[in-house]
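To start, the structure itself, in structure tokens.
The values are calculated or read from the model by the stated rules, or taken from the named source; none is laboratory data. Given the structure is predicted, the values throughout are model-derived calculations rather than measurements. Don't worry about glycine lacking a Cβ; one is built from the backbone with ideal geometry, like all the others, and counts go over all protein chains shown.
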Amino acid sequence: MKKFLLIPSLLLMTHLGAAQVKLPQILRDSMILQRDQPVKLWGTAAANEKISIAFKGKKYRTTADAHGHWQQLLPPTTAGGPYQIDITASNTIQLHDILFGDVWFCSGQSNMVHQLNVHDVTYADEIATDNLPQIRQFLVPNAANLFGPQSDLNSGSWKPATSNDIRQFSAVAYFFAKQLHGQYKVPIGIINASVGGTPVAAWTSTEGLAAFPAELATIAGNKDTSKQLKPLPPAPAVQDAGLTAATKWFSPDFQPTGWRTINIPGYWEDQGLKNLDGVVWYFREISIPPGMAGKSAKVFLGRITDADELYINGAKVGNTTYQYPQRRYAVPAELLKPGLNRFVIRVSNYNGKGGFVPDKPYCIFAGNDTVDLKGTWQYKVGAVFPPTAPDAPKPPTQAIMQPTALYNAMVAPEINYAIKGICWYQGEADTFHPNDYTKLLPALISDWRRKWQQPNLPFLFVQLPGFMDYNYLPTESNWAALREAQLKTLAVPNTGMAVAIDLGEWNDIHPDNKKDVGERLALLARKIAYHEDILASGPLYLSAEATGNKITLRFSDTGNGLGTVDAGAPATFEIAGVDKKFVWAEARIEGDKVVVWNNAVAAPKYVRYAWSDNPVNPNLINSAHLPASPFEAGIR
């Protein structure tokens, strides 16, 4: 253990002993620095080395400490630029094209990761025409550290929202920044530190988890290298007949004799292949019109559970290794020929239903020609995965899922960087324990505010949208309970919640509509961070009062009154008596109130709205057409 800790220390001392002045990865050309606040520059140099910083005609001097660390504050600077900063010691670093504006730290799970490029069809116009060099993103590289906070990142650079670079922007963060840039005409910087599928505890520091004994025990265990979990030995290989056959099933020469029929889209468990985890091959000859032949084309294969490989005329066109991204594959020129073309799709599924998710696009197109790929295909099972034994050892949890791991590697290196506020889109990974989230999210907010030394730092977050199957009966829901935990977090001062219950897709945890999410976050920023007097939120539950068999609900953030998207009666309200057996309620709007009832419940004690994984018609809105937050409440 001592040897493990000593070697990095010796390397650090050797490095700094011969060091020239160096900057952390985030202090780079083209960065955007926070306006109207003191801005910290920092880095390393030789021990006790004197450092001079030239900015806007003035010089600032500092000295590295005995360990070679230094920092210097620049005075508050108004929005503008570009500027140059010269940092001189035994060497000189020149930073060019520096702007001052507002910097937002954007973090969370995959819905904050998702780049404009992933939604290139939905946002094709923005990608093609937007040219906003004063909006810039620093994309923090994915990393995890179980042993403690890092002082720097391994890589990263600032990129403008122009040309091809705009494709790499977080879609949510881009539309958020675009709104603020248009509103205030100042540069907007985005620091995007997000990793798909990760829990809130992974983004929180050890100090931030001080009130969570189980998390602290995990952190301590992760630091003990003698107890580090070893990877499980690889499972025995399962032979795929489609790959081991003398003529592989994707080959242009293969003849699919004896294959059965199946439909795309659709899950194979719903078409006769009961409880099959394994590999299924799909085959079809698609007629390509002469106008498409020989041209570059694009294939849309919707979404597939879990992994897939697409072959056209024997050539591999694309593959995806997990279920969530929509499949959009480029077909090289000259591959398509007029007439029949062989399409073969190899689909692997590891649990749950396998196959092609409904309500997604399945087609191939080039120019103005489109050929539909939906319909009857042929299939054959290539491999069957053996069921996992109940006593089989579980694989070790990924480092990115461990408490503090992402804070240490992806947040701590930016703590010295002055910011305007935080945008947070996360929670899907915590839906298995929504009650814990009620405490964990406020703990993260307090933690980050302490780290940035800004006790009132604006913290804006997205409430989870609808997802998964619709349920036409009142039911319990972890997703609804997680949304309730997010709603309760608004009790933390200087926070705002963008309601997104209406923006989800039943069959995709990554809904396409990222623009409305970003713009709703921007509305909250305008009110909370920029202090505009505007209606920035949908209706939020305030109180409930029971009179006879009716409950009257009061809401905040109603504007000029409540309404519904479809001009009908408010839907998805439920009530229950003391037995807490919920039934659907009738509802009517009375100004900024909603009255709900069910004649079968004489003395209602509980009420809830849009309480489902994916509510069927959450239609309550305010006068700004912003949706009401789901909630659950009891009557005192």
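Below are the figures for this structure:
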{"item": "Positions within the stretch 276-300 being in a loop (DSSP other than H, G, I, E, B) and touching a helix residue (DSSP H, G or I) at 6+ places or on another chain (Cβ under 7 Å), in sequence order", "result": "276"}
{"item": "Residue ranges of strands (runs of 3 or more DSSP E) in the stretch 301-369 with at least 3 members within 28 Å of the chain's Cα centre (by Cα) and surrounded by 15 or more Cβ atoms within 10 Å (Cβ to Cβ)", "result": "307-312, 315-320, 339-349"}
{"item": "Filtered residues of the stretch 123-160 (kept if of a type in the set (D, E, K, R) and either at positive phi or part of a strand (DSSP E or B) (or both))", "result": "136, 159"}
{"item": "So residue 131, is it assigned by TED's automatic domain parsing to the domain that holds residue 425, farther than 19 Å from residue 407 by Cβ, exposed (fewer than 15 other Cβ atoms within 10 Å of the Cβ) and modelled with pLDDT under 95", "result": "no"}
{"item": "Flag if residue 70 is within 25 Å of residue 193 (Cβ to Cβ), over 34 Å from the mean Cα position of the chain (by Cα) and crowded, with 20+ Cβ neighbours inside 10 Å", "result": "yes"}
{"item": "Matching option when the condition is surrounded by 21 or more Cβ atoms within 10 Å (Cβ to Cβ) and touching a residue at least 60 places away in the same chain (Cβ under 8 Å), among 540, 524, 535", "result": "524"}
{"item": "Pairs, first part of a loop (DSSP other than H, G, I, E, B) in the stretch 395-406, second charged (D, E, K, R), C-beta under 9 Å, six or more apart", "result": "396/230; 403/215; 404/215"}
{"item": "Among (1) touching a strand residue (DSSP E or B) at 6+ places or on another chain (Cβ under 6 Å); (2) surrounded by fewer than 17 Cβ atoms within 10 Å (Cβ to Cβ); (3) within 15 Å of residue 377 (Cα to Cα) - the single one residue 241 does not satisfy", "result": "(3)"}
{"item": "Matching residues, the stretch 451-475, being of a type outside the set (S, T, N, Q), exposed (fewer than 15 other Cβ atoms within 10 Å of the Cβ) and either free of Cβ contacts under 8 Å to residues at least 12 places away in the same chain or not in a loop (DSSP other than H, G, I, E, B) (or both)", "result": "455, 473"}
{"item": "Matching option when the condition is at pLDDT 95 or above, under 25 Å from the mean Cα position of the chain (by Cα) and surrounded by fewer than 20 Cβ atoms within 10 Å (Cβ to Cβ), among 150, 94", "result": "150"}
{"item": "Residue within the stretch 545-561 that is more than 22 Å from residue 613 (Cβ to Cβ), loosely packed, with under 15 Cβ neighbours inside 10 Å and among the aliphatic types (A, V, I, L, M) present", "result": "no"}
{"item": "Single condition residue 561 does not satisfy, out of (1) part of a loop (DSSP other than H, G, I, E, B); (2) closer than 27 Å to residue 449 by Cα", "result": "(2)"}
{"item": "Any hit, the stretch 532-546, residues being outside any loop (DSSP other than H, G, I, E, B), over 22 Å from residue 438 (Cβ atoms) and in contact with a Leu (Cβ under 7 Å, 6 or more places away or on another chain)", "result": "no"}
{"item": "Of all residues in the stretch 420-450 being crowded, with 21+ Cβ neighbours inside 10 Å and among the β-branched types (Val, Ile, Thr), the one that is farthest from residue 531 (Cα to Cα)", "result": "445"}
{"item": "Leading residue by the ranking (farthest from residue 189 (Cα to Cα)) among those in the stretch 85-115 that are in a loop (DSSP other than H, G, I, E, B) and polar (S, T, N, Q)", "result": "90"}
{"item": "Residue count for the stretch 513-523, restricted to those that are among the charged types (D, E, K, R) and touching a Leu at 6+ places or on another chain (Cβ under 9 Å)", "result": "3"}
{"item": "Verdict on residue 577 being over 19 Å from residue 484 (Cα atoms) and surrounded by 17 or more Cβ atoms within 10 Å (Cβ to Cβ)", "result": "yes"}
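Every residue, every condition in (1) in contact with a strand residue (DSSP E or B) (Cβ under 9 Å, 6 or more places away or on another chain); (2) of a type outside the set (S, T, N, Q), yes or no:
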site	(1), (2)
552	yes, no
567	no, yes
575	yes, yes
582	yes, yes
593	yes, yes
598	yes, no
604	yes, yes
607	yes, yes
